[in-house]
1. Is it true that R56 is at pLDDT 95 or above, surrounded by 12 or more Cβ atoms within 10 Å (Cβ to Cβ) and not aromatic (F, W, Y)?
2. When the residues of segment 24-53 are filtered to those that are aromatic (F, W, Y) and at pLDDT 95 or above, which remaining residue is farthest from N11 (Cα to Cα)?
3. Restricting to segment 48-81, name every residue that is over 20 Å from L25 (Cβ atoms) and aromatic (F, W, Y).
4. Can you tell me how many residues in segment 1-18 are farther than 16 Å from N29 by Cβ and out of contact with any Leu (no Cβ under 8 Å at 6 or more places or on another chain)?
5. Residue by residue through segment 66-77, note down the ones that are surrounded by fewer than 13 Cβ atoms within 10 Å (Cβ to Cβ) and of a type outside the set (S, T, N, Q).
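The values are calculated or read from the model by the stated rules, or taken from the named source; none is laboratory data. What you see is a predicted model; the values in this text were computed from it and never measured. Virtual Cβ from ideal backbone geometry, glycine too; neighbours counted across all protein chains shown.
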Amino acid sequence: MVYVIYNKKHNKFYVGQTQNIKERLKLHNDKTFKKGYTARFDGSWELIYEEVLPSRISALLREKELKSYRGRQYIKQYIPR
């Protein structure tokens, strides 16, 4: 599964992939990844997009697509206003 989380306080989003989105979102909000991108920002992260894919390899490829310029433009339509 590929997911996008959003931090409204800082207007930032993060693209990642996981098998358990609920657990991963909790880890991001608890700042478990101390040196990770999401730990740099206070405020909470919320799930704005998820996409289920058939394999981890396809999830990694889709994650890479969403991190590209065109992928980021696509994600912006899901950011709450």
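1. On the way: at pLDDT 95 or above: yes; surrounded by 12 or more Cβ atoms within 10 Å (Cβ to Cβ): yes; not aromatic (F, W, Y): yes.
It is true that R56 is at pLDDT 95 or above, surrounded by 12 or more Cβ atoms within 10 Å (Cβ to Cβ) and not aromatic (F, W, Y).
2. Keep residues of segment 24-53 that are aromatic (F, W, Y), which gives 33, 37, 41, 45, 49.
Checking the rest, the ones that are also at pLDDT 95 or above come to 37, 41, 45, 49.
Working: Y37: 13, F41: 10, W45: 10, Y49: 15 Å.
Top of the filtered list is Y49.
3. Selection gives Y69, Y74.
4. Of all residues in segment 1-18, those farther than 16 Å from N29 by Cβ come to 1-2, 11, 15, 17.
With the extra rule that they be out of contact with any Leu (no Cβ under 8 Å at 6 or more places or on another chain), the set shrinks to 11.
Within segment 1-18, residues that are farther than 16 Å from N29 by Cβ and out of contact with any Leu (no Cβ under 8 Å at 6 or more places or on another chain) number 1.
5. Going residue by residue through segment 66-77, those that are surrounded by fewer than 13 Cβ atoms within 10 Å (Cβ to Cβ) are 68-70, 73, 76-77.
The answer is Y69, R70, K76.
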